[in-house]
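A short write-up of the structure that comes next.
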Amino acid sequence: MPRFLTLIQLDETAAAAPRSPAFAERMGTLFEEISKAGVMLDTAGLAPTAEGVRVVWSGGGLTDTEGPFGGGDAILGYSMIQARDRAEAVEWVRRFLAAHDDHLTITAEVREVREFDGA
């Protein structure tokens with residue numbers, strides 16, 4: 001079965017705000033379902049961009065930039081899931097996003113993982 005990486009993007013300020021009490025219950029139910037279905041392979045949140053560094057290769061040289069990386073949305077979490085196809089992966093991601101509180105705007109990018117063949 002194919003694997004899919006989901007990248008969760010959210011404004012860091014909004015991410016730091018408290019969640020409703022019902023959020024933990026909704027998320028717990030979803031994670032129980034996705035785990036029992038054998039879909040979830042790995043998931044985690046990421047440290048704030050203030051604690052990160054970007055490394056760029058350009059023009060034959062490397063540049064390091066310490067975070068934070070500016071305003072707007074940042075990648076704040078990820079999951080690695082295994083699904084029958086992209087449609088199933090997207091459905092699980094839609095359920096994940098819908099479990100969040102209504103005042104948030106969250107984006108999830110879903111990308112199929114392809115093995116590196118060295119070419």
Name the pairs: first residue in the stretch 84-101 and over 15 Å from L41 (Cα atoms) and touching a residue at least 12 places away in the same chain (Cβ under 8 Å), second residue open to solvent by 70 Å² or more (accessible area, probe 1.4 Å) and assigned to a helix (DSSP H, G or I), Cβ to Cβ under 7 Å, at least 6 apart or on different chains?
-> A99/R26
Only unsatisfied item for T43, checking (1) in a strand (DSSP E or B); (2) exposed (fewer than 11 other Cβ atoms within 10 Å of the Cβ), is (2)
Across (1) of a type outside the set (S, T, Y); (2) surrounded by fewer than 13 Cβ atoms within 10 Å (Cβ to Cβ); (3) touching a helix residue (DSSP H, G or I) at 6+ places or on another chain (Cβ under 8 Å), L76 clears everything bar (2)
In the set D102, D73, which member is farther than 12 Å from L5 by Cα, touching an Asp or Glu at 6+ places or on another chain (Cβ under 6 Å) and either at pLDDT below 95 or not aliphatic (A, V, I, L, M) (or both)?
-> D73
Residues being out of contact with any Ser or Thr (no Cβ under 6 Å at 6 or more places or on another chain), in a loop (DSSP other than H, G, I, E, B) and surrounded by 10 or more Cβ atoms within 10 Å (Cβ to Cβ): count how many of those fall in the stretch 48-70.
-> 2
Restricted to the stretch 8-19 and to residues being open to solvent by 40 Å² or more (accessible area, probe 1.4 Å) and either basic (K, R) or touching a residue at least 60 places away in the same chain (Cβ under 8 Å) (or both), the residue farthest from A98 (Cα to Cα) is E12
Filter the stretch 98-117 down to the residues that are open to solvent by less than 50 Å² (accessible area, probe 1.4 Å), among the aliphatic types (A, V, I, L, M) and not in a strand (DSSP E or B), then identify the one that is nearest to R26 (Cα to Cα).
-> A99
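The values are calculated or read from the model by the stated rules, or taken from the named source; none is laboratory data. Everything numeric here is computed off the predicted structure, so don't read it as measured data. A quick note on method: Cβ atoms are made from the backbone with ideal geometry, for glycine too, and the neighbour counts reach across all protein chains shown. We work out accessible area using only protein heavy atoms, side chains counted, and drop any ligands, DNA or RNA first. Shrake-Rupley method; radii C 1.70, N 1.55, O 1.52, S 1.80 Å.
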